[in-house]
Amino acid sequence: MELDEILENINANDEQKEQIRKAVESGQINIEQLEEQVKGSSGQCPYCLIAEGKIEAKVVKETLNFIACLEIRPANIGHTIVFPRKHIEDISSLSKEEVLELFVLVQEIGASLRKMFPGVNIIISNGKEAGQMISHLVVHVIPRTAKDGVGIAWRGKEVNADDLDNALVKIKSGLTKVKKKEVKTKSSSKGKLPRAESREV
């Protein structure tokens, strides 16, 4: 399979595909491995490639489980994306500890942007219908200014009390407890943090 054909099957935007092309041409990514990944899935995830250091990114801050970097096609300059290092599709798959770690990082990025801009949007899209283009959880932290041309709006729908009551019952019945991490206290000879295991609580 030629590189152009592989890139056509990768779920990424044009600039991310160009970065993948450059990484293959420079030897950072093995084309045979990339081809196997494409054949075995819907395509290699660009966020995973960033986490693996195979795509260059302008990193704002990193934590144990998350990376914050500048969006390469920003809504406004300063638009930052925050995502997990491991391939996680949506926020419901995170543990309580991971959610806390994620939103502390998002809070820090938002606070920094608020020092420079009058407003900030924090957006998560879960599912294609919600605008999620790649099946990897991403939080967009978007700085805003007046008349910046960024459109984030919807028209409120007319509903009655029964509609709201039915929605309330369904949402409450669908609530589940999220995973809680149980951290083992085994010491590591290399000084690495212990791996955390998850369990249902």
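The values are calculated or read from the model by the stated rules, or taken from the named source; none is laboratory data. Not measured: the values here are computed from a predicted model. Virtual Cβ from ideal backbone geometry, glycine too; neighbours counted across all protein chains shown.
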Practice task
Determine whether the range 82-92 contains at least one residue that is under 15 Å from SER135 (Cβ atoms) and acidic (Asp, Glu).
Solution key: yes
Those residues of the range 139-158 which are β-branched (Val, Ile, Thr) and modelled with pLDDT of 95 or more amount to VAL139, VAL141, ILE142, THR145
*asked:* Residues that are part of a loop (DSSP other than H, G, I, E, B), within 29 Å of LEU3 (Cβ to Cβ) and at pLDDT 90 or above: does the range 21-43 have at least one?
replied: no
Checklist entry - Can you find a residue in the range 79-87 that is out of contact with any Gly (no Cβ under 7 Å at 6 or more places or on another chain), of a type outside the set (Phe, Trp, Tyr), more than 30 Å from ARG114 (Cβ to Cβ) and at pLDDT below 95? => result yes
